[in-house]
Amino acid sequence: MEHKSDEKAKELNDWLPITNSRTAKWWYSAFHNVTAMVGAGVLGLPYAMSQLGWGPGVAVMVLSWIITLYTLWQMVEMHEMVPGKRFDRYHELGQHAFGEKLGLWIVVPQQLMVEVGVNIVYMISGGNCLKKFHDTVCSDCKDIKTTYFIIIFASVHFILSHLPSFNSIAGVSLAAAVMSLSYSTIAWVASAHKGVQPDVDYGPTASTTTGRVFHFFGALGDVAFAFAGHNVVLEIQSSIPSTPERPSKKPMWKGVIVAYIVVALCYFPVALIGYWVFGNKVEDNVLLSLEKPRWLVAAANLFVVIHVIGSYQVFAMPVFDMVELFFVTKMHFEPSRILRFCIRTFYVAPLRHLVSHQQTKKIQLILDRKLGMHCAWCCSDDSMSNWWVEADDITSQGLQILLLAAYG
């Protein structure tokens, strides 16, 4: 009986997207981690620096890089800390730490909020950047609503979401990682080429202590959001083969080191050069401060679109795994291609509807702000809580909570 149960569990693992392919190389880990971590939020780092100032800004950036690398190392080590067992999913590690039921209740809601929340952000950002690309290359064309660009972006995921496993999205993830390095390079090289502006000022923008404090904490949040991706680390490592002689943590850690070098090459030049050139007048998306050349700004926006396509898939894959596991083990569905097709299609479609809905438009700027796409809030000297201007709206409240989960 126990043998049959083990066989069934193995068959299920061979079908689920996180564990059905364990043939990844160390470089898969590198570009999956780059794709998960380096978001379009890198373009907002100069703005975060402008709120922190040179000393605190550099210190926060360096500490964030070191601390997140250390915590990621901890997760890599915990993947196989129990001999003969792999914690392939975040909730499995939670169950080991807190117990079967409590572990699920602690981990699963938070992980779903983070991953679904990030997918919502990426869908909106992808649509917005696609529109910016269109408007830049065809300024005389008829204006097209952002909703249609979001639909175009979502249609790509109706296809890519049916790829079976992490290893099958490796090409998409690699393209996304290359794009993140590309648009980051465009941002800092174009800024350096423009040179320090004549009226540059590195002083605080707020004239009151209250304003400075809120700007400071907002900037801390922007930097923290930029160093994301830990919630998919175990799932990425699960795709790497492991033996007693060569555990998966060795190639995984090698990939993580490469990924963090790329992160440093993306983040530090953009943050420091962007702030050095524009000072406290830098926009929350440094590309908006550049304005010209138009073709370069258009290319950067297109690169962001390609990047968030890959990031969407990396964050969606653990959700697919979780939902498919639930339907098979709890709802007693047979593992099949039809089940997989239905689950993944019905995941993408409601998200597309949500981000295109009229009620949701009120908080699109708030969501985009976390990726450095638009300026959604600003603590003026007279008001400390402009970020919550839509807080009375039920839909807005729910999505603000969702955003805070992704933000953490």
*Hey, VAL323 among the aliphatic types (A, V, I, L, M), in contact with a Ser or Thr (Cβ under 8 Å, 6 or more places away or on another chain) and at pLDDT 70 or above or not*: no
*In segment 227-244, which residues are of a type outside the set (S, T, N, Q), at pLDDT 90 or above and part of a helix (DSSP H, G or I)?*
VAL232, VAL233, LEU234, GLU235, ILE236
*Subset of segment 49-96 (residues that are of a type in the set (Gly, Ala, Ser) and at pLDDT 90 or above)*: SER50, GLY53, GLY55, GLY57, ALA59, SER64, GLY94
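Being outside any helix (DSSP H, G or I) and free of Cβ contacts under 8 Å to residues at least 24 places away in the same chain is the filter here; which residues of segment 142-181 pass it?
Narrowing segment 142-181 to residues outside any helix (DSSP H, G or I): 142-145, 161-166.
Matches in segment 142-181: LYS142, ASP143, ILE144, LYS145.
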*With respect to LEU112, determine if the residue is aliphatic (A, V, I, L, M), surrounded by fewer than 22 Cβ atoms within 10 Å (Cβ to Cβ) and either under 19 Å from the mean Cα position of the chain (by Cα) or within 23 Å of ALA226 (Cα to Cα) (or both).*
yes
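Would you point out which residue out of VAL258, VAL213, VAL223, VAL262 is under 19 Å from VAL118 (Cβ atoms), β-branched (Val, Ile, Thr) and at pLDDT 85 or above? Steps first, please.
Working: VAL258 fails: under 19 Å from VAL118 (Cβ atoms); VAL213 fails: under 19 Å from VAL118 (Cβ atoms); VAL262 fails: under 19 Å from VAL118 (Cβ atoms).
Testing whether each residue is under 19 Å from VAL118 (Cβ atoms), β-branched (Val, Ile, Thr) and at pLDDT 85 or above leaves just VAL223.
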*Quick one: how many residues across segment 310-332 are over 12 Å from PRO17 (Cβ atoms) and surrounded by 22 or more Cβ atoms within 10 Å (Cβ to Cβ)?*
4
*asked:* I'd like the residue in segment 78-109 that is touching a Phe, Trp or Tyr at 6+ places or on another chain (Cβ under 6 Å) and assigned to a helix (DSSP H, G or I) and, out of all such residues, is surrounded by the fewest Cβ atoms within 10 Å (Cβ to Cβ).
replied: ILE106
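Taking the options GLY279, GLY203, GLY274, name whichever one is within 24 Å of VAL60 (Cα to Cα), out of contact with any Cys (no Cβ under 9 Å at 6 or more places or on another chain), surrounded by fewer than 17 Cβ atoms within 10 Å (Cβ to Cβ) and of a type in the set (Gly, Ala, Ser).
Answer to the check: GLY203.
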*Run HIS193 past the list (1) touching a helix residue (DSSP H, G or I) at 6+ places or on another chain (Cβ under 8 Å); (2) at pLDDT below 90 and report the number of the one that doesn't hold.*
(1)
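Give MET61, MET75 a once-over and let me know the one that is more than 15 Å from the chain's Cα centre (by Cα), within 24 Å of SER242 (Cα to Cα) and in a helix (DSSP H, G or I). Even if it seems obvious, please write down each step before you answer.
Numbers: MET61 fails: within 24 Å of SER242 (Cα to Cα).
Unique residue meeting the criteria: MET75.
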*Would you be able to say whether some residue in segment 22-39 is farther than 26 Å from SER165 by Cβ and either of a type outside the set (A, V, I, L, M, F, W, C) or assigned to a helix (DSSP H, G or I) (or both)?*
no
*Would you mind telling me which numbered condition in (1) hydroxyl-bearing (Ser, Thr, Tyr); (2) surrounded by fewer than 16 Cβ atoms within 10 Å (Cβ to Cβ); (3) assigned to a helix (DSSP H, G or I) SER139 fails?*
(3)
_List pairs: first residue in segment 96-113 and over 16 Å from PRO318 (Cβ atoms) and without any contact (Cβ under 8 Å) to a residue 12 or more places away in the chain, second residue surrounded by 13 or more Cβ atoms within 10 Å (Cβ to Cβ) and not acidic (Asp, Glu) anywhere in the structure, Cβ distance under 7 angstrom, at least six positions apart or on different chains._
ALA97/GLY103; PHE98/ILE106
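The values are calculated or read from the model by the stated rules, or taken from the named source; none is laboratory data. Treat the numbers as computed from the prediction; the structure is a model and nothing was measured. Neighbour counts are summed over all protein chains in view; Cβ atoms, including those assigned to glycine, are modelled from backbone coordinates with ideal geometry.
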